[in-house]
Amino acid sequence: MRNREDYLLVAWEFIESFDTASEKEIADRLHITGATASQYITSLVNDGLMVKNGRSIELTRLGRRITAPLVRMHRISEVFAFRFLEVPWEETHSSVMELEHLFTGDRGEKLFKNLGNPESCPHGNPTDPFSPRTGISAGLANDGIYRILRITYEEDSLLKRLASVEAFPGRQVEIYRDSCVTIETQNGQLRFSPEEIQALILAR
Ligand SMILES: [Zn+2]
């Protein structure tokens, strides 16, 4: 059973990664049926947290204000899981789906302080969800050498593929483009469609 927080977090993640979210994407990401997602999203629209624009779903101002602390706690919980529970990098996103709900408000801020005020989660996403966006998407980047800033779409199979060549934030990566995008690290090469790798954000 998914709760309101899960829907809001996933909508935020899609919008941050791909500028848009749809009911189908949210349903697939939460492993629920389209009908269940549709019904729940309608209630979030009625509560003034989301708006539907054709097939695209957006968060309202109120929706963003309510979701930002959840995003922050998700990212702080990931740092905790990675450092203290030794959860592998590619699994921290899914492993904290339960945990993050325990660290709300004051508890969460104490955890943040005791983790040493981490600026970002293990995937490079800022613990201040309103930090300005920087960098360029690997889906659009020209050939060249870059540093990995963040992976905005924290989806298990994408993270697993990136982990297989140690394409972690802070690491250097070389990009080559043909019909696909090849990313190369010291540990190997991976090929993606430009859409698949859109959520890998790079800096020069
Ligand atoms: Zn993360």
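A few notes on this one:
- Failed criterion for K24 (all others in (1) closer than 23 Å to R161 by Cα; (2) over 14 Å from the mean Cα position of the chain (by Cα) hold): (1)
- Across the stretch 75-96, the qualifying residues are those that are more than 16 Å from T127 (Cα to Cα) and assigned to a helix (DSSP H, G or I), and the one among them that is farthest from the ligand (Cβ to nearest atom) is F84.
- Residue in the stretch 177-196 that is free of Cβ contacts under 8 Å to residues at least 60 places away in the same chain, under 16 Å from the mean Cα position of the chain (by Cα), more than 16 Å from the ligand (Cβ to nearest atom) and not assigned by TED's automatic domain parsing to the domain that holds A27 present: yes
- Test: residue in the stretch 156-169 that is within 14 Å of the ligand (Cβ to nearest atom), surrounded by 13 or more Cβ atoms within 10 Å (Cβ to Cβ) and modelled with pLDDT under 95: no
- Here E154 clears all of (1) part of a loop (DSSP other than H, G, I, E, B); (2) touching a strand residue (DSSP E or B) at 6+ places or on another chain (Cβ under 9 Å) except the condition numbered (2).
- Residue match in the stretch 97-116 (condition: part of a helix (DSSP H, G or I), over 15 Å from the mean Cα position of the chain (by Cα), within 11 Å of the ligand (Cβ to nearest atom) and not assigned by TED's automatic domain parsing to the domain that holds R191): no
The values are calculated or read from the model by the stated rules, or taken from the named source; none is laboratory data. Since we're looking at a predicted model, the values are computed, not measured. Note that each Cβ is placed from the backbone with ideal geometry, even for glycine, and that neighbours are counted across all protein chains shown.
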